[in-house]
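Remarks on the structure that follows.
Nothing in this text is a laboratory measurement; each read-out follows from the coordinates by a stated rule. Since we're looking at a predicted model, the values are computed, not measured. Positions of Cβ are generated from backbone atoms using ideal geometry, with glycine treated the same way; all protein chains shown enter the neighbour counts.
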Amino acid sequence: MAPYTSTNSSGLNTPESELESLVGVHPTSARRPYPVVVQSESTSYSDEYITSKFTNRGADVVVNNGQFVVTPTSKPYEFQTARKVAKTGLMLIGVGGNNGSTLCATIIANRHNISWHTKSGIQQPNYIGSLLRASTVRLGVDPSTGKDVNIPISDVLPMVHPNDLVLGGWDISGLPMDEAMTRAQVLDWDLQRQVAPHMAALGKPLPSIYYPDFIAANQEARADNVIPGKDKQVHLEHIRADIRKFKEDHGLDRVVVFWTANTERYSDIIPGVNDTADNVLAAIKSSHSEVSPSTLFAVAAILEGEPFVNGAPQNTFVPGVIELAEREKSFIGGDDLKSGQTKLKSVFAEFLVNAGIKPLSIASYNHLGNNDGHNLSAEPQFKSKEISKSSVVDDMVAANPLLFKPADASAAKGSKAAKGEHPDHIVVIKYVPAVGDSKRAIDEYYSEIFCGGRSTINIFNECEDSLLATPLILDLAILTELLTRVKYRDASGPSEFAPLYPVLSLLSYMLKAPLVKPGTDVINSLNRQRNALESFLKACIGLEANGDLLLETRIW
């Protein structure tokens, strides 16, 4: 196919291959050949592994008659990270939707370095918005200058380059991928025009699972590409076969299965149905009505030994699915992409509480016009989103008993006292077709300040929803693949290296309602989530987490 010719701002005809050479490769999409090498007794390198020693330091605190007795703790570990990056496939459930089609098109644009014309000039493909590709981490100080040295997070350890992901997936809509991209109305027309042949080569999505009870009735018109029948065991085996075939056809080492389809309603948690691994499997065999499509996909991935990430707010990971993941030692992570309003809220609420200001109410209003908004216009699906958005300030509030009365262990379960004092927190989402993928979010923070005073802060946030969500999907998939290559052992005694716990809570930075190990607290603070991820990546190369003490600047 001959290069397409377009006219540049000077009026000259410029072949697109020449246009690409003019703009080069964006730093977020570049490949860098120089990895981090740590020279330390704590770090060793072989052809296969990076092995590091790390001491996990903490403190045990006992409260005794108002006195806090603190005992510092430390425990030695070793981490072993496989250096060879797996050839990775990304199978998206909802691949033909806004997020799925946008992700495929933008990876193609970066892979082929396709630049395009906008009304503002020539636009270069990039991975801006990706924590891994567009954000840096401080390694230390250059001794010759005394200046900080910062590197891209993706360079700390060997990670998949997003351009190398093999793309595929399922959708209840059978629209070919080039037409799905057009339907989404997310990307500039000139970019769509250039990537359309590549998108067409992806073909149609694989048929998906459609249980009308779980998504809004307004989605029925799109459901023309579904696995036939109502037998959920048959559906499970069909999805497992799809994963195996995709892996075999493309010679993959790893397949990350990712839910980016419609938000489902919450599944009822029913004893004997979805409370244990065996009960979930039995419920699938009997085609029980409370087994959702997302749960079926999660079970299929777990049984195939491939990681599954849930990018929507529903309770895909019912207790039985978590137990199944534990039993199969298969990785899972979720829930719900944290792209705009909730990410800001997790920062702003923490700022207020840490400043000693008491938020009394947080009122959040959204409207958007894409298909996600259309589906969320139904009450059961909105309820799932409301739940995932509403818990984002819980850990910050609980951390400050000076401002908020703590939970009363003796109070009746489910009462306000049992949860502890919280700001009034409401979330509203409305479907407004005219604004398309451009979401509007309005937040009001109403707070108590010094001596009975009040403060009101209003924030208006307009964002292109899918262009914020797409880099998060990439981050989640890339991090998930990395975490499957990391093993650890307790260095205090003889033990073998073992995989990490199946629930990948290190993915929390990108998620509204982070899934964590049962019985442990959820951390929603964005700063703490980022610090945890940074500290873990550094631990894997034998580095201590960088503090901000900067002692050398405080002393003679």
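Structure values in brief
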item	result
Residues with amide H under 5 Å from that of L511, placed H, sequence gap 5 or more	K338
Net charge dipole size for region 462-505 [Lys, Arg +1 and Asp, Glu -1 on Cβ; Debye, nearest 20]	420
J(HN,Hα) series, region 274-285, from Karplus relation 6.51 cos²θ - 1.76 cosθ + 1.60, nearest Hz, glycine and proline x	9, 8, 9, 4, 5, 5, 4, 5, 5, 5, 5, 4
Cα-based reach from K416 at 16 Å (exclusive), listing lysines while leaving out same-chain residues under 8 positions away	K405
Relative contact order %, the chain, counting alpha carbon pairs below 8 Å whose residues are six or more apart	17
Amide hydrogen neighbours beyond the local backbone of V226, cut-off 5 Å, H modeled	S208
Fraction of antiparallel bridges per DSSP, region 60-197 only, in percent to nearest 5	70
Vicinal HN-Hα couplings computed from phi for region 498-513 (Karplus, 6.51 cos²θ - 1.76 cosθ + 1.60; Hz; Gly/Pro x)	9, x, 5, 4, x, 7, 8, 6, 5, 7, 4, 3, 8, 10, 6, 10
Test item: Cα-centred dipole of region 191-237, Lys/Arg +1 and Asp/Glu -1 on Cβ, debye	240
Within straight-line cross-link reach of K232, lysines at Cα separation under 24 Å, skipping those fewer than 8 residues along the same chain	K204, K245, K247, K285, K329
Spatial separation of Cα centroids for region 217-295 and region 415-433, in angstrom	31
Phi-based couplings in Hz for region 154-170 (Karplus 6.51, -1.76, 1.60; Gly and Pro marked x)	5, 9, 5, 9, x, 10, 4, 7, x, 4, 8, 5, 8, 9, x, x, 10
Cleavage-rule hits (trypsin sites (Lys or Arg not before Pro)) in region 287-360: DSSP loop, at most 16 neighbouring Cβ within 10 angstrom	K329
Whichever aspartates and glutamates have a C-alpha closer than 18 Å to that of K538, once near sequence neighbours (fewer than 8 apart) are set aside	E41, E78, D142, D148, D155, D475, E481, D490, D548
Ellipticity estimate at 222 nm from DSSP helix runs (n ≥ 4, -39,500 (n - 2.57)) divided over the chain, nearest 500	-9000 deg cm²/dmol
Amide proton proximity set for W170, modelled H, under 5 Å, gap of 5+	L92, I93, G94, V95, L206
Percent of beta bridges antiparallel (DSSP, the chain, rounded to nearest 5)	65
Alpha-carbon centroid distance for the pair region 488-541 / region 78-130, whole angstrom	25
With eigenvalues of the C-alpha gyration tensor scaled by 5 and rooted, the chain, Å	36, 31, 28
